[in-house]
Amino acid sequence: MSLSTLLFADTAEQAGALADWVRPLAGAAAPVLAAVPAPGVPAPFAEDLCPPLADLARRQAPDLILVAATPLGRELAPRLAVRLGTGCVSDCVHIGRGEAGEVLADRPVFGGVAIATVAFRTAPAVCLVAPGVTGPNRGESSVVVTALTPEAGGPGRGKRVVQQREVERGVDLSAADRIVAVGRGMARREDLEQIRELAAALAAEVACSRPLAEDLGWLGAERQVGLTGTTVRPALYLAVGISGQVQHVTGMKDSRVVVAINNNRAAPIFQVADYGIVGDLYEAVPALLAALRLSES
Amino acid sequence: MNPVRQYMPLMPGWTEPVMYAVLAGALVALGLGVHRKLAGYGVTMPDLVRALLSAYRSQPRQFRRRLLAQTVRQEKVRERQPGGTIHSLVFVSLAVLFLGTTLIFLEHDVLRFFDLQYLRGTFYLVYEAVLDAAGVALIAGVLLALYRRQMLRPAHLETRAADIWVLAGLLWLAVSGFALEGMRLAFRPVPWAPYSFAGYALSRGLVAVMADVRALAPIYPWVWWSHALAAFAGLAALPLSKLHHLVTIPLNIALAEPAPRGRLSMPFNVAVLAESGGELPEGIGISAAPDVDWRRRLNLDACVQCGRCDTVCPALAAGRSLSPRGLVQGLRAAIARDPAGAGSLLGAGAVTEQAVWSCTNCYACEEICPAGVSHVQFVADLRRSLVADGRMDARQSDVLERMERNGNPYGLPSFSRADWLLSRGVPTVHDNPEFEYLYWIGCAASYDPRLQQIALATVQILDAAGVSYAVLGNEERCTGESARRLGEEGRFQLMAMENIALLQGYGVRRILTHCPHCYNVFHHDYPELGGAFEVVHHTQLIHQLVHTGRLPLSAAGAATDGAGPAVTYHDPCNLGRLNDGYDQPRELVQWATGGPVREMAQNRRGGFCCGAGGGNAWYSLPETRKISHLRLEQIAATGAGLVGVACPFCAAMLEDAVRSTGRQDELQVRDVAELVAQRLVRAPDGPGR
């Protein structure tokens with residue numbers, strides 16, 4: 001029994017990604033209906049998109065409404081659920097069906113240490129799914145895209161957009177997939193070049209611990225990882241010459257794989273590291289770089 | 001010789017009625033000014049009087065004591081030099097001159113109807129001498145003040161034209177008074193003239209240099225009127241000029257709430273609301289002028305801009321965009337401009353978001369403030385409204401989220417919080433249900449491997465002394481202190497209520513903690529939420545153990561007395577200024593190291609923050625220097641090779657400063673418990689029994 005699904009996303013591209021993700025549940029054959037904001041409205045308000053989306057949902061009567069968890073989607077989904085008299089689950093990582101055919105949504109709880117499965121008692125089931133969870137649009141599903149025109153003079157009439165600005169950001173560590181972070185074990189500023197080379201070879205961003213950014217000023221504050229810097233969750237975190245003060249560990253403990261290079265076997269960084277090299281970073285880094293280049297060629 | 005005071009000599013008979021008419025005009029102006037002031041505060045005179053009476057009735061002795069100490073003896077004003085001495089000169093002399101003038105008024109306008117005269121004989125001679133001395137003191141004080149403001153120009157002192165006008169008025173009052181006295185004694189010498197020593201000297205001078213002093217007679221009435229008018233103008237200008245501090249500071253100090261310093265106000269109480277079914281207040285904290293009630297407007301208005309708070313503020317010293325004086329003055333001016341304005345107070349002068357987040361809640365400003373201004377409570381209330389509006393940066397909202405989600409500000413797993421401690425056999429409340437002290441570890445020592453040493457040292461001491469204790473283990477959670485200091489009142493209260501339920505569930509009566517932040521929040525904030533525990537800081541308990549001889553001293557330790565590095569001690573704000581814990585940790589440091597504590601330039605009540613308080617451990621702000629580095633320089637200046645601390649946050653901040661300046665070989669940072677533990681003979685028994 002396939003699950004009739006309605007999608008909402010900011011763009012058709014995102015809608016395709018949602019459709020690919022939900023395909024095993026929705027069934028391969030039928031095209032999925034997706035709604036996106038009509039072009040020409042630069043910054044639609046969720047409260048104005050909600051009434052037409054609810055109308056669409058009532059006409060289609062889907063079992064499941066998947067909403068891309070963008071800022072707009074996050075605001076829209078709960079409004080929609082209230083309007084439809086149903087429930088809403090945010091941060092879904094998996095959607096399944098129960099024995100009675102009810103929609104089951106999995107979401108992380110307690111900071112990700114556990115997964116809760118939420119069963120919907122009402123239909124449709126409104127679920128928010130982050131783009132990071134769906135993965136990219138592989139174009140495997142056929143999607144019928146409808147443009148939603150925000151309700152003119154709708155509930156959002158009390159607000160208007162007064163300014164739109166691009167967020168200025170040189171480096172976004174929180175989005176980086178691989179990070180090479182360097183700490184106080186680095187003796188001279190010039191030696192950072194080695195770290196940059198290593199990062200380039202790994203296609204990684206360069207990051208640092210607090211002293212290098214705040215006290216020494218070798219790297220900008222936007223590259224600082226830790227309590228008073230950025231919190232990162234890369235697939236690979238290579239900590240070079242970082243002792244692993246709790247203030248630093250707080251910012252990187254959720255990295256998938258942590259590799260540490262430190263000359264002190266007792267350094268706390270090894271407690272959170274999956275792999276460790278006890279040794280001089282001035283020997284280990286060139287050796288790693290050589291090995292990487294060898295494997296490339 | 002029958003010395004007697006002449007009333008209004010050398011002036012025509014119509015002077016008196018005209019003078020009283022002008023005085024009446026000045027009094028009317030004074031009355032209007034006071035009325036406007038009160039309207040600006042939003043309080044009526046009867047309500048103000050009622051508030052004063054109730055403040056007096058609730059604690060009459062404290063009321064009298066604080067007024068006597070801060071407005072009569074002016075203890076805090078006199079603490080700092082040269083401002084203190086200058087202020088005393090002006091204050092005492094003006095008080096004497098005012099009293100002297102009142103005596104004349106009484107004699108002439110009241111007692112003469114009863115045919116009484118007291119300004120005669122010996123009393124009159126003393127009167128003349130004292131008033132002349134007061135006049136000289138006033139001139140000296142005002143000249144020194146002018147010299148300080150115009151020549152020395154200390155950075156923390158902002159001089160506006162009004163400041164100079166007030167000083168100029170006072171100077172003219174004194175100078176014209178002496179001119180009148182000198183002329184009078186020159187025109188009509190009396191045998192007792194030398195008692196008016198300054199006026200007499202002036203009169204002798206006039207007689208000496210002038211062929212005929214009578215030539216001055218035509219200017220006498222002009223000088224007389226300028227003297228009278230200067231005095232009346234001062235009276236009329238009282239509510240309009242900085243002179244209003246003569247009234248606002250005593251009022252502010254009289255009305256000061258008798259709450260302990262370490263306690264922040266509680267805008268709502270979740271427990272009470274849950275019980276009564278009441279609703280949370282719409283907005284909390286301070287965002288616009290109407291959020292500041294009349295008492296707090298008076299509190300702001302008590303500020304005379306002496307700038308002393310700026311001289312001790314660690315955030316200002318570090319080059320952050322916070323000036324406590326600027327914050328208070330910014331709020332005061334914005335509210336005075338538009339007392340009912342709905343616009344945000346943020347952005348008014350120095351009142352900026354960054355200023356509000358820059359405060360480390362060290363209370364150095366409040367400690368030094370002679371006017372009793374409550375800077376930190378204003379910061380807390382501004383933060384509360386920012387948090388309510390979601391105006392935080394990610395680091396602040398992240399720490400709040402981690403506190404709720406993980407039960408600690410680091411965001412590290414709560415379920416393994418105490419593994420490192422329990423693996424050493426430290427008893428939990430289940431192992432030792434009959435415990436006397438619940439040893440509260442706190443988040444810093446739970447998660448920071450360096451700070452764990454403080455808890456382990458404390459445990460070692462407890463075991464050595466045979467103290468019965470237990471820990472909560474992995475059930476312990478953050479106290480919520482940082483949430484409260486960051487302005488997240490609701491989250492703090494929920495965390496506190498959970499903790500209280502947990503602690504009461506285990507029958508806890510006494511809490512021992514080595515963390516002054518936990519100590520302060522348990523001691524001052526938890527009781528309002530129903531959690532009344534006896535709270536003991538580890539320095540207090542260890543001090544008691546040492547002095548009752550319950551700690552076995554190591555002979556080896558004693559042998560090293562005086563041989564170790566020179567020591568100093570850093571006061572944690574939450575233990576010192578907030579809770580008066582100055583002596584016990586010092587005695588312990590001294591006892592444990594054998595050396596005298598070399599005091600830093602800023603110590604005890606004047607101690608300088610490490611930079612971690614008020615939630616500042618969890619985010620960073622633009623600054624030119626780090627607060628911890630500034631403190632490190634003060635430590636280094638003592639020549640000490642060891643600094644004792646009594647707070648895990650101070651330990652972490654200072655140790656970080658040591659590391660990042662590469663002074664690991666020169667300076668050790670040790671908690672008092674670590675120092676004492678080094679001196680112990682190893683405990684023979686297992687832990688906790």
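The values are calculated or read from the model by the stated rules, or taken from the named source; none is laboratory data. Note that this is a predicted model, so its numbers are computed, not measured. FYI the Cβ positions are ideal-geometry reconstructions off the backbone, even for glycines, and counts take in every protein chain you see. Side chains included, ligands, DNA and RNA excluded: accessible areas come from the protein's heavy atoms. Shrake-Rupley method; radii C 1.70, N 1.55, O 1.52, S 1.80 Å.
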message: Looking for something modelled with pLDDT of 95 or more, within 20 Å of B:Ala640 (Cβ to Cβ) and more than 14 Å from every other protein chain (Cβ to nearest Cβ) - is there at least one such residue anywhere in the range B:535-550?
response: yes
query: Tell me, which residue of the range A:106-132 that is more than 14 Å from every other protein chain (Cβ to nearest Cβ) and assigned to a helix (DSSP H, G or I) is most open to solvent (accessible area, probe 1.4 Å)?
result: A:Gly132
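Within the range B:562-669, which helices (runs of 4 or more DSSP H) (wholly inside it) include 2 or more residues that are small (Gly, Ala, Ser), over 25 Å from the mean Cα position of the chain (by Cα) and away from chain A (no Cβ under 14 Å)?
Result: B:627-637.
Against the definition (within 11 Å of chain B (Cβ to nearest Cβ), over 19 Å from A:Ala175 (Cβ atoms) and assigned to a helix (DSSP H, G or I)), how does A:Glu197 come out, yes or no? Step through it out loud before you land on a result.
Working: within 11 Å of chain B (Cβ to nearest Cβ): no; over 19 Å from A:Ala175 (Cβ atoms): yes; assigned to a helix (DSSP H, G or I): yes.
Answer is no for this residue.
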- prompt: When A:Gly96 is evaluated against the numbered criteria (1) open to solvent by 50 Å² or more (accessible area, probe 1.4 Å); (2) assigned to a strand (DSSP E or B), which criterion, by number, is the only one it fails?
  reply: (1)
message: For A:Glu214, only one of the following conditions fails: (1) of a type outside the set (S, T, N, Q); (2) open to solvent by 30 Å² or more (accessible area, probe 1.4 Å); (3) outside any helix (DSSP H, G or I); (4) at the interface with chain B (Cβ under 8 Å from one of its Cβ atoms). What is its number?
response: (3)
message: Going by what's in this entry, would A:Asp55 be described as in a helix (DSSP H, G or I), in contact (Cβ under 8 Å) with a residue 12 or more places away in the chain and more than 24 Å from A:Arg138 (Cβ to Cβ)?
response: no
- prompt: Going by the conditions given, is B:Ala334 of a type in the set (A, V, I, L, M, F, W, C), open to solvent by 10 Å² or more (accessible area, probe 1.4 Å) and over 21 Å from the mean Cα position of the chain (by Cα)?
  reply: yes
message: Can you confirm whether B:Pro585 is open to solvent by 30 Å² or more (accessible area, probe 1.4 Å) and under 25 Å from B:Gln453 (Cβ atoms)?
response: no
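In this structure, does B:Leu180 turn out to be part of a helix (DSSP H, G or I) and open to solvent by less than 20 Å² (accessible area, probe 1.4 Å)?
Numbers: part of a helix (DSSP H, G or I): yes; open to solvent by less than 20 Å² (accessible area, probe 1.4 Å): yes.
Spelling it out, B:Leu180 is indeed part of a helix (DSSP H, G or I) and open to solvent by less than 20 Å² (accessible area, probe 1.4 Å).
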task: Answer with yes or no whether A:Ala30 is among the small types (Gly, Ala, Ser), outside any helix (DSSP H, G or I), out of contact with any helix residue (DSSP H, G or I) (no Cβ under 6 Å at 6 or more places or on another chain) and farther than 22 Å from A:Gly153 by Cα.
output: yes
message: Which of the numbered conditions does B:Leu680 fail, given that it passes all the others? Conditions: (1) surrounded by 21 or more Cβ atoms within 10 Å (Cβ to Cβ); (2) at pLDDT below 95; (3) more than 14 Å from every other protein chain (Cβ to nearest Cβ).
response: (1)
- prompt: Of the conditions (1) more than 22 Å from the chain's Cα centre (by Cα); (2) within 11 Å of chain B (Cβ to nearest Cβ); (3) within 12 Å of A:Gly183 (Cα to Cα); (4) not hydroxyl-bearing (Ser, Thr, Tyr), A:Leu219 fails just one. Which one is it?
  reply: (2)
- line: When every residue in the range A:245-285 that is of a type in the set (A, V, I, L, M) and within 14 Å of chain B (Cβ to nearest Cβ) is compared, the one surrounded by the fewest Cβ atoms within 10 Å (Cβ to Cβ) is A:Ala266
query: How many of the residues in the range A:16-44 are of a type in the set (A, V, I, L, M) and under 21 Å from A:Ala123 (Cα atoms)?
result: 10
message: Any residue that is more than 12 Å from chain A (Cβ to nearest Cβ), open to solvent by less than 30 Å² (accessible area, probe 1.4 Å) and part of a loop (DSSP other than H, G, I, E, B) - is there at least one of those in the range B:437-445?
response: yes
- prompt: Taking the range B:501-534, which residues are open to solvent by 40 Å² or more (accessible area, probe 1.4 Å), assigned to a helix (DSSP H, G or I) and within 23 Å of B:Cys647 (Cα to Cα)?
  reply: B:His523, B:Pro527
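Can you tell me which residues in the range B:417-436 are farther than 22 Å from B:Met403 by Cα and open to solvent by less than 30 Å² (accessible area, probe 1.4 Å)? If you could, list the steps in order and put the result at the bottom.
Start the filter on the range B:417-436 by keeping residues that are farther than 22 Å from B:Met403 by Cα, which leaves B:422-436.
If the condition is that a residue be farther than 22 Å from B:Met403 by Cα and open to solvent by less than 30 Å² (accessible area, probe 1.4 Å), then B:Val426, B:Pro427, B:Thr428, B:Val429, B:Asn432, B:Phe435 are the ones that fit.
Tell me yes or no: at least one residue of the range B:605-625 is in contact with a Gly (Cβ under 9 Å, 6 or more places away or on another chain), open to solvent by less than 30 Å² (accessible area, probe 1.4 Å) and closer than 21 Å to B:Ala677 by Cβ.
First, the residues of the range B:605-625 that are in contact with a Gly (Cβ under 9 Å, 6 or more places away or on another chain): B:605, B:607, B:615, B:617, B:620, B:622-625.
The next check asks that each one be open to solvent by less than 30 Å² (accessible area, probe 1.4 Å); those that pass are B:607, B:615, B:617.
Still in the running and closer than 21 Å to B:Ala677 by Cβ: none.
Checking the range B:605-625: not a single residue is in contact with a Gly (Cβ under 9 Å, 6 or more places away or on another chain), open to solvent by less than 30 Å² (accessible area, probe 1.4 Å) and closer than 21 Å to B:Ala677 by Cβ.
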message: Condition (residue is under 25 Å from A:Ala61 (Cα atoms), open to solvent by 50 Å² or more (accessible area, probe 1.4 Å) and without any contact (Cβ under 8 Å) to a residue 40 or more places away in the chain) applied to the range A:133-145: is it met by at least one residue?
response: no
statement: By residue number, the members of the range B:387-416 that are in contact (Cβ under 8 Å) with a residue 12 or more places away in the chain, within 13 Å of another protein chain (Cβ to nearest Cβ), of a type outside the set (Lys, Arg) and surrounded by 15 or more Cβ atoms within 10 Å (Cβ to Cβ) are B:Gln396, B:Asp398, B:Val399, B:Met403, B:Glu404, B:Gly407, B:Asn408, B:Pro409, B:Tyr410, B:Gly411, B:Leu412, B:Ser414
- prompt: Which one is nearest to the other protein chains (Cβ to nearest Cβ) among residues in the range A:200-210 that are closer than 28 Å to A:Ala290 by Cα and not small (Gly, Ala, Ser)?
  reply: A:Cys208
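Specify the residue that is farthest from the other protein chains (Cβ to nearest Cβ); the eligible residues are those in the range B:371-386 that are open to solvent by 20 Å² or more (accessible area, probe 1.4 Å) and in a loop (DSSP other than H, G, I, E, B).
Narrowing the range B:371-386 to residues open to solvent by 20 Å² or more (accessible area, probe 1.4 Å): B:372, B:374, B:377.
Within this subset, residues satisfying the condition of being in a loop (DSSP other than H, G, I, E, B) are B:372, B:374.
Numbers: B:Gly372: 34, B:Ser374: 28 Å.
Across the range B:371-386, the extreme among qualifying residues is B:Gly372.
Could you check the range A:222-231 and list, in sequence order, the residues that are in a strand (DSSP E or B), within 9 Å of chain B (Cβ to nearest Cβ) and either closer than 19 Å to B:Ile627 by Cβ or open to solvent by less than 10 Å² (accessible area, probe 1.4 Å) (or both)?
So the first thing to find is which residues in the range A:222-231 are in a strand (DSSP E or B), and the list is A:224-225, A:230.
Filter once more, keeping what is within 9 Å of chain B (Cβ to nearest Cβ): A:224, A:230.
Listed by number, the list holds a single entry, A:Gln224.
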task: Determine whether the range B:451-464 contains at least one residue that is surrounded by fewer than 22 Cβ atoms within 10 Å (Cβ to Cβ), within 14 Å of chain A (Cβ to nearest Cβ) and under 22 Å from B:Val676 (Cα atoms).
output: yes
- line: The condition from (1) away from chain B (no Cβ under 12 Å); (2) in contact with a helix residue (DSSP H, G or I) (Cβ under 7 Å, 6 or more places away or on another chain); (3) part of a loop (DSSP other than H, G, I, E, B); (4) crowded, with 20+ Cβ neighbours inside 10 Å that A:Pro234 misses is numbered (2)
message: Can you pull out every residue in the range B:157-173 that is open to solvent by less than 60 Å² (accessible area, probe 1.4 Å) and without any contact (Cβ under 8 Å) to a residue 40 or more places away in the chain?
response: B:Thr159, B:Ile164, B:Leu167, B:Ala168, B:Leu171
